[in-house]
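**Q** Here's a structure for you.
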Amino acid sequence: MDVPIQKKKFSTSHIAMLVGGIALIALIIFVFSQSAGGSKLNVEKERISINTIKKDVFQENIPVNGIVLPITTIYLDALEGGRVEEKFVEDGAILKKGEPILRLSNTDLELSLINQETSVYNLLTQMQISQNAARQNTINRRNQFTDVENSLIEAKRVYELNKKLYDKGAVGRQDYESSENNYIYQKERMKLAKQVLRQDSSSTKQELSQARSSYTRTQNALELMRKKVGDLVVRAPVDGQLTSLDAEIGQSKTKGERLGQVDVLSGFKVRVDIDEHYISRIYTGQKGTVVLNNKSYILVIKKVFTQVNNGRFQVDMQFEGTVPEGIRRGQNLQIRVALSAEKQALLVSKGGFFQKTGGNWIFKVSEDGNTAYKVNIRLGSQNTEYYEVIEGLNPGDKVVTSSYDSFGDTEELILK
């Protein structure tokens, strides 16, 4: 007896057709939803940051790092080479100007000083001998001049007397002419004696001047040599604190070698590194602020170093007015350097959204607070807290400022 076989309600082909139809319907719905308003994403409000656009005082600034340094640092270099014989103070000592720090020894330099002193003493002795000889020569010249002068007076007297007597016929012609010739001779001797005396005086003055000049030069050389020997004792150039002292007893130091430094403690400066992107916008007189112990302090740029290293350049800043208490050399500071004057502007808080959007658009929260949608914006300058909004938003608008990395290409956020 044949058993009737029950016919299946759905065949494989029917099932395939059904699945294909469902997929087609789903695709149509997806395309419709995309064309109707873009993709949407459910987001919990607690996981995002929502800030309000406000109009307030704005100043463009940049955050920079600075290190506290003494207002002035003077380096100690060995003015003369030598061996370290004695250390009078240790690294970190507070010094007064002129206080000795260490002593070097240099036998060659000390021997040169002795030789120079001997040369000066020898020259001085020779000068004294020359001066005595010059004085004696002058005395002799004057004595000779006196003799010639006396002979001239006598010759003149005899000549005048003989002339009167000759006119009266009391003396002969021969005696008269003899006295006249002697008078003329003594006058010529007088002229020569005066000339010799003048030349002697001029020569003596010239020799004395040359001797004094030579002595002065030798004396200056001696003083210079004494100073060089004195430089073997290294002294503090100013009041301050000795730091980085690199010298131990027995070490040999060459001329010009760095021994340490003295930091002037009358004030501080801050050496700041700034990105080279801002080099054209940084100049002396610009101000910055730093917050220490919940108190704000103002610094002013005093010097700009235009040399760029590793994409950064440096400036020196000094505190204007009050200096923070307890500040120390080597302390790091976080400073905001102002790049513009204060002005009124529309502001949006900084956040992770900028990395995704580049400041070209942002998610704006709807008035009912249930959704957020994309709006195009344009941003201007920035500081450490805000971006300046040029267009696309109004005061009171609320926007999502946290990171958009998890949103993908979503066009609208459903806030829950």
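The values are calculated or read from the model by the stated rules, or taken from the named source; none is laboratory data. Values in this document were obtained by computation on a predicted structure and should not be read as measured data. Reconstructed Cβ throughout: ideal geometry from the backbone, glycine too, with neighbour counts over all protein chains shown. We work out accessible area using only protein heavy atoms, side chains counted, and drop any ligands, DNA or RNA first. Shrake-Rupley method; radii C 1.70, N 1.55, O 1.52, S 1.80 Å.
**Q** Can you find, within the stretch 369-388, the residue that is most open to solvent (accessible area, probe 1.4 Å) among those that are under 14 Å from Ala338 (Cα atoms) and outside any strand (DSSP E or B)? Step through it out loud before you land on a result.
**A** Applying the first criterion (under 14 Å from Ala338 (Cα atoms)) to the stretch 369-388 yields 381-386.
Those left that are additionally outside any strand (DSSP E or B): 383-385.
Numbers: Asn383: 17, Thr384: 41, Glu385: 89 Å².
If we take residues in the stretch 369-388 being under 14 Å from Ala338 (Cα atoms) and outside any strand (DSSP E or B), then Glu385 is most open to solvent (accessible area, probe 1.4 Å).
**Q** Starting from residues that are in contact with a Ser or Thr (Cβ under 8 Å, 6 or more places away or on another chain) and within 22 Å of Gly230 (Cα to Cα), keep the ones in the stretch 53-83 and report whichever is most open to solvent (accessible area, probe 1.4 Å).
**A** The residue in question is Arg83.
**Q** Among the residues of the stretch 122-164 satisfying the criterion of being among the small types (Gly, Ala, Ser) and free of Cβ contacts under 8 Å to residues at least 40 places away in the same chain, which is surrounded by the most Cβ atoms within 10 Å (Cβ to Cβ)? Write out each step before concluding.
**A** Let us first name the residues in the stretch 122-164 that are among the small types (Gly, Ala, Ser), namely 130, 133-134, 151, 155.
Narrowing further to those that are free of Cβ contacts under 8 Å to residues at least 40 places away in the same chain: 133, 151, 155.
Details: Ala133: 12, Ser151: 17, Ala155: 21.
Taking the candidates together, the pick is Ala155.
**Q** Among all residue pairs at least 6 apart or on different chains, which show Cβ distances below 7 Å where the first residue, located in the stretch 60-78, is charged (D, E, K, R) and the second is part of a strand (DSSP E or B) and open to solvent by 50 Å² or more (accessible area, probe 1.4 Å)?
**A** Glu60/Gln382; Asp77/Arg258
**Q** What tally of residues in the stretch 255-303 results from selecting those that are of a type in the set (Val, Ile, Thr) and open to solvent by less than 40 Å² (accessible area, probe 1.4 Å)?
**A** Of all residues in the stretch 255-303, those of a type in the set (Val, Ile, Thr) come to 262, 264, 270, 272, 274, 279, 282, 284, 289-291, 298, 300-301.
Filter once more, keeping what is open to solvent by less than 40 Å² (accessible area, probe 1.4 Å): 262, 264, 270, 272, 274, 282, 290, 300-301.
Total meeting the criteria: 9.
**Q** Could you figure out which of (1) over 30 Å from Met225 (Cβ atoms); (2) modelled with pLDDT of 90 or more isn't true of Lys97?
**A** (1)
**Q** Can you tell me which condition Glu207 does not meet? The list is (1) open to solvent by 50 Å² or more (accessible area, probe 1.4 Å); (2) over 30 Å from Leu222 (Cα atoms), and all the others hold.
**A** (2)
**Q** I'm trying to understand the selection: among the residues of the stretch 210-249, which are of a type in the set (A, V, I, L, M, F, W, C), open to solvent by 60 Å² or more (accessible area, probe 1.4 Å) and outside any loop (DSSP other than H, G, I, E, B)?
**A** First, pick out the residues of the stretch 210-249 that are of a type in the set (A, V, I, L, M, F, W, C): 211, 221-222, 224-225, 229, 232-234, 236, 238, 242, 245, 247, 249.
Now narrow it down to the ones that are open to solvent by 60 Å² or more (accessible area, probe 1.4 Å): 224, 249.
Within the stretch 210-249, Leu224 is the sole residue that qualifies.
**Q** Cβ-Cβ below 7 Å, separation at least six or inter-chain, first residue in the stretch 222-240 and in contact (Cβ under 8 Å) with a residue 60 or more places away in the chain, second among the charged types (D, E, K, R) and assigned to a strand (DSSP E or B): which pairs?
**A** Short answer, once both residue conditions are applied: Leu232/Arg103; Val233/Arg103; Gly240/Asp263.
**Q** Inside the stretch 368-389, can you point out the residues that are in contact with a strand residue (DSSP E or B) (Cβ under 9 Å, 6 or more places away or on another chain) and either among the acidic types (Asp, Glu) or farther than 28 Å from Gln334 by Cβ (or both)?
**A** Filtering the stretch 368-389 down to residues in contact with a strand residue (DSSP E or B) (Cβ under 9 Å, 6 or more places away or on another chain) leaves 369-389.
Across the stretch 368-389, the qualifying residues are Gly369, Asn370, Thr371, Ala372, Tyr373, Lys374, Val375, Asn376, Ile377, Arg378, Glu385, Glu388.
**Q** Met190 - would you say it is open to solvent by less than 50 Å² (accessible area, probe 1.4 Å), under 30 Å from Ala155 (Cα atoms), of a type in the set (A, V, I, L, M) and out of contact with any strand residue (DSSP E or B) (no Cβ under 7 Å at 6 or more places or on another chain)? Please lay out each step first, then the result.
**A** Values: open to solvent by less than 50 Å² (accessible area, probe 1.4 Å): yes; under 30 Å from Ala155 (Cα atoms): yes; of a type in the set (A, V, I, L, M): yes; out of contact with any strand residue (DSSP E or B) (no Cβ under 7 Å at 6 or more places or on another chain): yes.
Yes; evaluated as a whole, the condition is true for this residue.
**Q** Can you tell me which residues in the stretch 100-121 are in contact (Cβ under 8 Å) with a residue 40 or more places away in the chain and among the hydroxyl-bearing types (Ser, Thr, Tyr)? Before the answer, list the steps.
**A** Going through the stretch 100-121, the residues in contact (Cβ under 8 Å) with a residue 40 or more places away in the chain turn out to be 100-106, 109-110, 112-113, 116-117, 119-120.
If the condition is that a residue be in contact (Cβ under 8 Å) with a residue 40 or more places away in the chain and among the hydroxyl-bearing types (Ser, Thr, Tyr), then Ser105, Ser112, Ser119 are the ones that fit.
**Q** Considering the stretch 306-327 alone, what residues qualify as being of a type outside the set (Val, Ile, Thr), in a strand (DSSP E or B) and surrounded by 12 or more Cβ atoms within 10 Å (Cβ to Cβ)? Break it down stepwise before answering.
**A** Of the residues in the stretch 306-327, the ones of a type outside the set (Val, Ile, Thr) are 307, 309-314, 316-321, 324-326.
Filter once more, keeping what is in a strand (DSSP E or B): 307, 309, 312-314, 316-320.
Within the stretch 306-327, Arg312, Phe313, Gln314, Asp316, Met317, Gln318, Phe319, Glu320 qualify.
**Q** Show me the strands (runs of 3 or more DSSP E) found entirely inside the stretch 61-152 where at least 3 residues are among the aliphatic types (A, V, I, L, M) and either in contact with a strand residue (DSSP E or B) (Cβ under 7 Å, 6 or more places away or on another chain) or closer than 30 Å to Asp200 by Cα (or both). Break it down into steps so the answer makes sense when it comes.
**A** Working: elements: 61-77, 82-87, 100-105.
Here the list reads 61-77, 100-105.
**Q** Right, another one. Pull up the stretch 184-205, narrow it to residues that are among the small types (Gly, Ala, Ser) and modelled with pLDDT under 80, then point me to the one that is nearest to Asn143 (Cα to Cα). Show your work before the answer.
**A** Step one: list which residues in the stretch 184-205 are among the small types (Gly, Ala, Ser), which gives 193, 201-203.
Next, from what is left, pick out any that are modelled with pLDDT under 80: 201-203.
Details: Ser201: 14, Ser202: 18, Ser203: 18 Å.
The residue in question is Ser201.
**Q** Every residue in the stretch 328-368 that is of a type in the set (D, E, K, R) and either under 30 Å from Leu299 (Cα atoms) or open to solvent by less than 70 Å² (accessible area, probe 1.4 Å) (or both), please. Give the steps one after another, and end with the answer.
**A** Taking the stretch 328-368 and keeping what is of a type in the set (D, E, K, R), we get 328-329, 336, 342-343, 350, 356, 364, 367-368.
Across the stretch 328-368, the qualifying residues are Arg328, Arg329, Arg336, Glu342, Lys343, Lys350, Lys364.
**Q** Let me ask another. Against the condition over 19 Å from Gln286 (Cα atoms) and surrounded by fewer than 12 Cβ atoms within 10 Å (Cβ to Cβ), how does Gly392 come out, does it pass?
**A** On the way: over 19 Å from Gln286 (Cα atoms): yes; surrounded by fewer than 12 Cβ atoms within 10 Å (Cβ to Cβ): no.
So Gly392 fails the test.
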